[in-house]
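This report refers to the structure that appears directly beneath it.
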Protein chains: 2
Amino acid sequence: MSDMTSTALSETETQSAGGERRRRTGGRGGDRSRATGSTKYRNLVNQLARTELLDPQALDDIHDASLTVLEEIGIDVMLPEARAIMKAHGAEVTEGADRVRFDRGLILDMIASAPSEFTMHARNPERHVKIGGNNLVFAQIASAPFVADREGGRRAGNQEDFRKLVKLAQCYDVIHTTGGYPVEPVDIHASVRHLDCLSDMVKLTDKVFHCYSLGKQRNLDGIEIARIGRGISMEQMESEPSLFTIINSSSPLRLDGPMLQGIIEMSSRGQVVVMTPFTLAGAMAPVTVAGALVLQNAEALCGIAFTQMVKRGAPVVYGGFTSNVDMKTGAPAFGTPEYMKAVISGGQLARRYKLPYRTSNTNAANTLDAQAAYESAFSLWALTQGGGNFIMHSAGWTEGGLTASFEKFILDVDMLQMVAEFLTPLDVSQDALALDAVRDVGPGGHFFGTAHTLARYETAFYSPILSDWRNFETWTDAGRPTTYDHANRVFKEKLASYERPPIDPAVEEELDAFVAKRKEEGGVATDF
Amino acid sequence: MSDMTSTALSETETQSAGGERRRRTGGRGGDRSRATGSTKYRNLVNQLARTELLDPQALDDIHDASLTVLEEIGIDVMLPEARAIMKAHGAEVTEGADRVRFDRGLILDMIASAPSEFTMHARNPERHVKIGGNNLVFAQIASAPFVADREGGRRAGNQEDFRKLVKLAQCYDVIHTTGGYPVEPVDIHASVRHLDCLSDMVKLTDKVFHCYSLGKQRNLDGIEIARIGRGISMEQMESEPSLFTIINSSSPLRLDGPMLQGIIEMSSRGQVVVMTPFTLAGAMAPVTVAGALVLQNAEALCGIAFTQMVKRGAPVVYGGFTSNVDMKTGAPAFGTPEYMKAVISGGQLARRYKLPYRTSNTNAANTLDAQAAYESAFSLWALTQGGGNFIMHSAGWTEGGLTASFEKFILDVDMLQMVAEFLTPLDVSQDALALDAVRDVGPGGHFFGTAHTLARYETAFYSPILSDWRNFETWTDAGRPTTYDHANRVFKEKLASYERPPIDPAVEEELDAFVAKRKEEGGVATDF
């Protein structure tokens, strides 16, 4: 089988997914196949040829225009320490002014040292994730101020819901990392929130997590918590990226102090920066998708170059988050045709620079209706065909990111699993071609009870979490449940079945001690 | 701009869609742009590179296996007249037996004469549709036994709903043809149903339509009605395909009498046959997608070859309708990962034979919930990336085809328009790159009120029919409408605004006279 049909699953999992031979011969192989079934969605690989919307000339034009922006207009860099680093590397910095301009040669030289692929390390080695290349990693929703489920309605973020959402992220293998706080727990004081939340991330999951860049100390605490969680030295940590931070530019053309500080703390220690301008066409970016991409690319390249000024070879991800606004109201729109174009074009830009590509599973629906599904499905279409590597907000995002929805989380998990199944290779072995079965059944028969069918029917097809395929009468007798109803039931069932992943008691003790000490010290200064 | 970024819209429409220059200079150009706005979604072209799941070897293997099926197992051909034609062309026919076997050379020789592209002619020349190549044509739902809207619930098909659905097909340019009876109007006697329904198709729309192959006379009546509608001679009609019929094989491996008769009547007169096996993996086809594709391909090639035996060069479409069943219940499933793989692989097979490719926009939802949207969106993903040319059931199909839903029709129209917008080229002109606008706004500003934005904001982005992008508070004040609510409102508004397309009174008179005469003759014999 060539690359065109090769696997979306890891080597091990391909063998178990396609392991008809083992299953039919029974014995230990078959048992092992069942036992490892739950890990099927780890380590996804996307072997599809990438869809391209920009021809080479158009790609060059966007590239050139964005470098012209950095060279002629420049970026406001709101941290003296960052400007000093930039100046030391040859950027055009004027004493006392925020504006920094970058020669295009400098930008290109810097980004050339960023790695094309790297691994993010979790405390459970089976949860390490590869970033870049053909790898496809799904991160949970991040940073919603509100949380909702059907019974509780929409409410401000809080620790209880935060923990429930983090537990749900642990429950599904297709959620490869958390993505930040799935909802902002505002009932925890901001000075110590990061300590409680990141400690929870370590204890409630065994997956890679994110720390916010909201001041140097929060980054340092995050790095220490990740280090303790993995039970390794800082030296080892610096050579094994184990924590990531999303860096958003303040579009247009501004890098704020905490973001720059985050790059300095994370990149200098070899941790992962996901550099993501949020360029809404028609608002903080030009009204044309191409113009918004120029701005996205300028800001992304500037931030990525800065990571390399901080430390050559530091792991960094090219982030795109270009969408459009609703021109009637100014509201952000997501999962639109314009979003699809931006996602696919953004992938072309990232690949041009040989950088991993971050994008998102988005929608702007207010509830779990058809809109929530089609906007997300169109997002998944674009990010899959466009070669997204690291997908933020993969599950739970609704209302343009304002609300983390428990039901939407389940809907998204189901859709992500469908994408993963779509990416698995089509078995075209002689056995799968089924010529003998066709011969046996012959004209006018059916395949329900054939040996070929019986040997495969349990695992032949993806079994969705939510799709209700009962006939209309049975479905009516059941009270006509919608996807929303099913998702509401499933998230509660899944939460009830949650089990904490094992953790070394010594690690937990060290973690608790660190958090207690830092709380005693007052956590971090806040602006409130 | 290269092919990679070229247009999804016709030449004329690209100019009006991208006609910034005209709009800004105002005057007649601008007016004309607005006047032709409604035709934006006619003549869609899909310039995306096709996604491929089968490598050349796998494609060969499926091809070979399907030819082996035809050669060694054969097909039951349930019409003596058809067997005689096949025998005359060299197929292996045994006197008194249904089974016919076909040498692979015969099949390949026959299908080689089928055209790769052709035009289907409507009574309004602006509604002609190009089939094959990069053209993308959306046909409305066909053949549902039930119809539903929220107020009326699910009910048996009837003439009133039939007419409403046909009118809705006329209302939207993205619906390029009707696809058959959107719902079966069982309140019209079967002997004359085709006369009333096809007469309605001519009067209520100006688009191409379909006639069912349910006996020779129905085909003949359909051809005559299409001819009268176009106001042309039969000679002209025979050189200008103006009517299509869906031919389904009875999988596995059987071609029924009425279907074969349909091929004979339609192909001999140069009308369009869409040859579509309905190969549900695990039921009427092998449980493996590859096996189901082998069966699909065998049956499709057999039917297509037969069209060419009837008349060399007759227009024919390679149809694929492979999906899987729910192995728990045996119910058909649609819009699944397996469906996506079958749709994309089917496109590769059709292109291998240089034939236009028919596929479908499917789902198995019982209501207009998230499932209805994600299963359809995944179908649209596969059929777009897989190069579908002629898309049946594009709008209104729900519950696995059992029900034509008014609300789903609107949801689908919205999604089809989004696909069309996605396929439009990304404008990467210097103007669109917006370097001057970025310069004007500079760091820290916004683009809401810039000249660049103001000149474009009205037409910059697709304005969806259904997506509700109001903020949560405004949406709550409005009663928290879902997509279902919006679609329910929109279909009624749209129906109220329906206008009959103009028709030559002489044509209408001739049509009425023909229908009256045929009714007097008793229509067609029925089995009831």
> From the list A:Leu416, A:Leu426, which residue is facing chain B (nearest Cβ under 8 Å) and touching a residue at least 12 places away in the same chain (Cβ under 8 Å)?
Replying inline: A:Leu426
>> Please go through (1) part of a strand (DSSP E or B); (2) within 15 Å of the chain's Cα centre (by Cα) for A:Gly179 and return the number of the only condition it doesn't satisfy.
In response: (1)
> When you go through (1) more than 21 Å from A:Leu70 (Cβ to Cβ); (2) surrounded by fewer than 23 Cβ atoms within 10 Å (Cβ to Cβ); (3) under 21 Å from the mean Cα position of the chain (by Cα) one by one for A:Phe278, which number turns out not to apply?
Replying inline: (1)
>> What's the number of the only condition in (1) more than 14 Å from chain A (Cβ to nearest Cβ); (2) assigned to a helix (DSSP H, G or I); (3) among the aliphatic types (A, V, I, L, M) that B:Ala373 fails to meet?
In response: (1)
>> Quick check on my filter: what residues within the stretch A:502-511 are under 30 Å from the mean Cα position of the chain (by Cα) and either under 25 Å from A:Ser213 (Cβ atoms) or of a type in the set (A, V, I, L, M) (or both)?
In response: A:Ile503, A:Val507, A:Glu510, A:Leu511
> How many residues, within the stretch A:203-216, are buried (at least 24 other Cβ atoms within 10 Å of the Cβ) and assigned to a loop (DSSP other than H, G, I, E, B)?
Replying inline: 4
> Taking the stretch A:426-456 as the search range and keeping residues that are among the hydrophobic types (A, V, I, L, M, F, W, C) and farther than 13 Å from B:Leu295 by Cβ, which one is surrounded by the most Cβ atoms within 10 Å (Cβ to Cβ)?
Replying inline: A:Val428
> Of the residues B:Ala333, B:Ala370, B:Ala290, which is surrounded by 24 or more Cβ atoms within 10 Å (Cβ to Cβ), touching a Leu at 6+ places or on another chain (Cβ under 7 Å) and over 17 Å from B:Gly386 (Cβ atoms)?
Replying inline: B:Ala370
> For B:Gly387, all conditions in the list (1) modelled with pLDDT of 95 or more; (2) assigned to a loop (DSSP other than H, G, I, E, B); (3) more than 8 Å from chain A (Cβ to nearest Cβ); (4) over 30 Å from the mean Cα position of the chain (by Cα) hold save one; what is the number of the exception?
Replying inline: (4)
> Does the stretch A:222-233 include one or more residues that are surrounded by fewer than 19 Cβ atoms within 10 Å (Cβ to Cβ) and free of Cβ contacts under 8 Å to residues at least 12 places away in the same chain?
Replying inline: yes
> Only one of A:Ala350, A:Ala370 is free of Cβ contacts under 8 Å to residues at least 40 places away in the same chain and more than 29 Å from B:Asp414 (Cα to Cα); which?
Replying inline: A:Ala350
> Hey, any hits in the stretch A:461-484 for a residue that's closer than 23 Å to B:Gly400 by Cβ, at pLDDT 95 or above and in contact with a His (Cβ under 6 Å, 6 or more places away or on another chain)?
Replying inline: yes
> Do we have A:Gly400 as in contact with a Ser or Thr (Cβ under 7 Å, 6 or more places away or on another chain) and of a type outside the set (Val, Ile, Thr) here?
Replying inline: no
>> Given the criteria away from chain B (no Cβ under 11 Å), of a type in the set (A, V, I, L, M) and not in a helix (DSSP H, G or I), does A:Val524 qualify?
In response: yes
> Can you name the number of the only condition in (1) within 12 Å of chain A (Cβ to nearest Cβ); (2) touching a strand residue (DSSP E or B) at 6+ places or on another chain (Cβ under 7 Å); (3) of a type outside the set (D, E, K, R) that B:Ser394 fails?
Replying inline: (1)
>> Just to be sure I understand, how many residues within the stretch B:280-299 are more than 7 Å from chain A (Cβ to nearest Cβ) and more than 17 Å from B:Leu54 (Cβ to Cβ)?
In response: 2
>> Anything in the stretch A:303-322 that is touching a helix residue (DSSP H, G or I) at 6+ places or on another chain (Cβ under 6 Å) and either crowded, with 24+ Cβ neighbours inside 10 Å or more than 25 Å from A:Arg269 (Cα to Cα) (or both)? List them, or say none.
In response: A:Ile304, A:Ala305, A:Phe306, A:Thr307, A:Ala314, A:Val316, A:Tyr318, A:Gly320, A:Thr322
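Yes/no per residue for (1) in a helix (DSSP H, G or I); (2) within 14 Å of another protein chain (Cβ to nearest Cβ); (3) more than 30 Å from B:Gly444 (Cα to Cα); (4) not hydroxyl-bearing (Ser, Thr, Tyr):
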| residue | (1), (2), (3), (4) |
| --- | --- |
| A:Asp187 | no, no, yes, yes |
| A:Met201 | yes, no, yes, yes |
| A:Ile228 | yes, no, yes, yes |
| A:Met237 | yes, no, yes, yes |
| A:Ile263 | yes, no, no, yes |
| A:Met266 | yes, no, no, yes |
| A:Phe278 | no, yes, no, yes |
>> Out of the helices (runs of 4 or more DSSP H) lying entirely within the stretch B:390-487, which hold 3 or more residues that are within 30 Å of A:Asp64 (Cα to Cα) and either of a type outside the set (Lys, Arg) or within 32 Å of the chain's Cα centre (by Cα) (or both)?
In response: B:406-423, B:430-433, B:435-441, B:451-454
> Going through the stretch B:219-230 one residue at a time, which ones are under 15 Å from B:His128 (Cα atoms) and out of contact with any strand residue (DSSP E or B) (no Cβ under 8 Å at 6 or more places or on another chain)?
Replying inline: B:Arg227, B:Gly229, B:Arg230
>> Take the residues in the stretch B:313-356 that are assigned to a helix (DSSP H, G or I) and away from chain A (no Cβ under 14 Å); name whichever of them is nearest to the chain's Cα centre (by Cα).
In response: B:Ala350
> Since B:Ala460 meets every condition but one in (1) surrounded by 19 or more Cβ atoms within 10 Å (Cβ to Cβ); (2) more than 9 Å from chain A (Cβ to nearest Cβ), which condition does it not meet?
Replying inline: (2)
>> Looking at the stretch A:357-364, can you tell me whether even one residue there is more than 24 Å from A:Gly133 (Cα to Cα) and crowded, with 24+ Cβ neighbours inside 10 Å?
In response: yes
>> Just to be sure before I move on: is B:Cys197 of a type outside the set (Gly, Ala, Ser), over 30 Å from B:Ile73 (Cα atoms) and surrounded by 24 or more Cβ atoms within 10 Å (Cβ to Cβ) in the structure I sent?
In response: yes
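The values are calculated or read from the model by the stated rules, or taken from the named source; none is laboratory data. It should be emphasised that the depicted structure is a prediction, and the values quoted were computed from it without experimental measurement. Note that each Cβ is placed from the backbone with ideal geometry, even for glycine, and that neighbours are counted across all protein chains shown.
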